[in-house]
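> First, the structure itself, so that you have it in front of you.
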Amino acid sequence: MMNSLQRVGFILMAILAANSSFANTFSHTPWATILQQHVEMVRDGRESRVDYAGIKKDRLLLLTYLTDMSKVTKKSFDSWPKMQQLAFLINAYNAWTVELILSRYPDIDSIKDLGSFFTSPWKKEFVNLLGEVRSLDDIEHNLIRGSGRYNEPRIHFAVNCASIGCPALLNDAYAGDKLDEQLAAVTENFLRDRNRHYFANGELHISPIFKWYKADFEQGWNGVHSVSQFLAAYADALGLQDSGSGIIVNGKLVSERLSEDSIGISYTDYNWDLNDVAR
């Protein structure tokens, strides 16, 4: 952990880096600094825990980053390469989610506590981004999923809903020049979690994320046209290739049955408790 003087130094350097790079790109250094200092990867990257109390002490850095994000115009954003755009939107979703949690922290047990009977926390319009005041749902479902630009189902393992059941919040900012590698890593790490993904009683048990966003896995990304085909490509991460021989059901490898959409699938529980390191 950093002492107070080191923390101030990191904050100043991150702010300077952010303010020096608006011409042709956008600096995610402040967000990366926050993540590296306050997010702990656990279980070999399968999960992470967030030090919200620590981030609250560095809230000025977070607010500076969010303010700089709000200065990016739609015209400038549209001129960027697609991978840079997508990295920006993923970071925006995650950073604004943390800010939403901090608005009530520590008096919060779940992000759902920030909603009401009439509206969910994801529909709150509090995000100043690309010239409009938006909700988290708007970022995910319209700018990312609904734009037609990206066709990238792996974003569901990168955007973080501040919950234990959600894929891990990466302890680094996403970046356009390495986004493909980062998405590949977080996807594999999530699928390696045997609390959420395992084969038992002739069925593959998987996270309900694959049910909620089924359509995103059917749009031809990497030649994949179904959830089963997507999972078949990650047979090793799912533990279906144990000992090199693979799990066989009725004379055929489970991975092959997945490719053919001929294996039963059920969904594991989703834990909405806050992913707080203090817990």
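> Restricting attention to the stretch 240-266, and to residues there that are exposed (fewer than 15 other Cβ atoms within 10 Å of the Cβ) and touching a strand residue (DSSP E or B) at 6+ places or on another chain (Cβ under 8 Å), which single residue is modelled with the lowest pLDDT?
Checked the stretch 240-266; the qualifying residue modelled with the lowest pLDDT is Gly264.
> Here is a list of conditions, (1) in a loop (DSSP other than H, G, I, E, B); (2) buried (at least 20 other Cβ atoms within 10 Å of the Cβ), and Arg154 meets all of them except one; can you say which number that is?
(1) is the only condition that Arg154 fails.
Residues are listed down the side, and each one gets a yes or a no for (1) farther than 16 Å from Leu130 by Cβ; (2) β-branched (Val, Ile, Thr); (3) open to solvent by less than 10 Å² (accessible area, probe 1.4 Å):
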| site | (1), (2), (3) |
| --- | --- |
| Val50 | yes, yes, yes |
| Ala53 | yes, no, no |
| Thr64 | yes, yes, no |
| Thr67 | no, yes, no |
| Lys74 | no, no, no |
| Gln84 | no, no, no |
| Ala92 | no, no, yes |
| Glu99 | yes, no, no |
| Asp107 | yes, no, no |
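> Restricting to the stretch 56-95, what's the tally of residues that are closer than 17 Å to Asn171 by Cβ and of a type in the set (Gly, Ala, Ser)?
Within the stretch 56-95, residues that are closer than 17 Å to Asn171 by Cβ and of a type in the set (Gly, Ala, Ser) number 2.
> Search the stretch 210-223 for residues being without any contact (Cβ under 8 Å) to a residue 60 or more places away in the chain and open to solvent by less than 70 Å² (accessible area, probe 1.4 Å), and hand back the single one that is nearest to the chain's Cα centre (by Cα).
The extreme case among them is Phe210.
> Only one residue in Ala87, Ala53 is farther than 28 Å from Asn151 by Cα and modelled with pLDDT of 95 or more. Which one?
After applying the criteria, what remains is Ala53.
> Could you count how many residues in the stretch 111-142 are crowded, with 17+ Cβ neighbours inside 10 Å and touching a strand residue (DSSP E or B) at 6+ places or on another chain (Cβ under 8 Å)?
7
> Now a separate question. Given the conditions (1) in contact (Cβ under 8 Å) with a residue 12 or more places away in the chain; (2) assigned to a loop (DSSP other than H, G, I, E, B), and given that Leu62 satisfies all but one, which numbered condition is not satisfied?
(2)
> Name the residue, out of Pro81, Pro121, that is more than 18 Å from the chain's Cα centre (by Cα) and at negative phi.
Pro81
> Look at the stretch 160-181 and say how many of its residues are of a type outside the set (Ser, Thr, Tyr) and either crowded, with 20+ Cβ neighbours inside 10 Å or in contact with a Ser or Thr (Cβ under 7 Å, 6 or more places away or on another chain) (or both).
Residues meeting the conditions: 11.
> With of a type in the set (A, V, I, L, M) and free of Cβ contacts under 8 Å to residues at least 24 places away in the same chain as the only criterion, which of Leu114, Leu100 stands out?
The match here is Leu114.
> List pairs: first in the stretch 183-203 and under 26 Å from Met83 (Cβ atoms) and open to solvent by less than 20 Å² (accessible area, probe 1.4 Å), second of a type in the set (Ser, Thr, Tyr) and part of a loop (DSSP other than H, G, I, E, B), Cβ under 8 Å, 6+ apart or cross-chain?
Thr187/Tyr234; Phe190/Ser207; Leu191/Tyr234
The values are calculated or read from the model by the stated rules, or taken from the named source; none is laboratory data. What you see is a predicted model, and the numbers here were worked out from it, not measured in a lab. Backbone-built Cβ (ideal geometry, glycine too); neighbour counts: all protein chains shown. Protein only, heavy atoms only, side chains kept; ligands, DNA and RNA dropped before computing areas. Shrake-Rupley method; radii C 1.70, N 1.55, O 1.52, S 1.80 Å.
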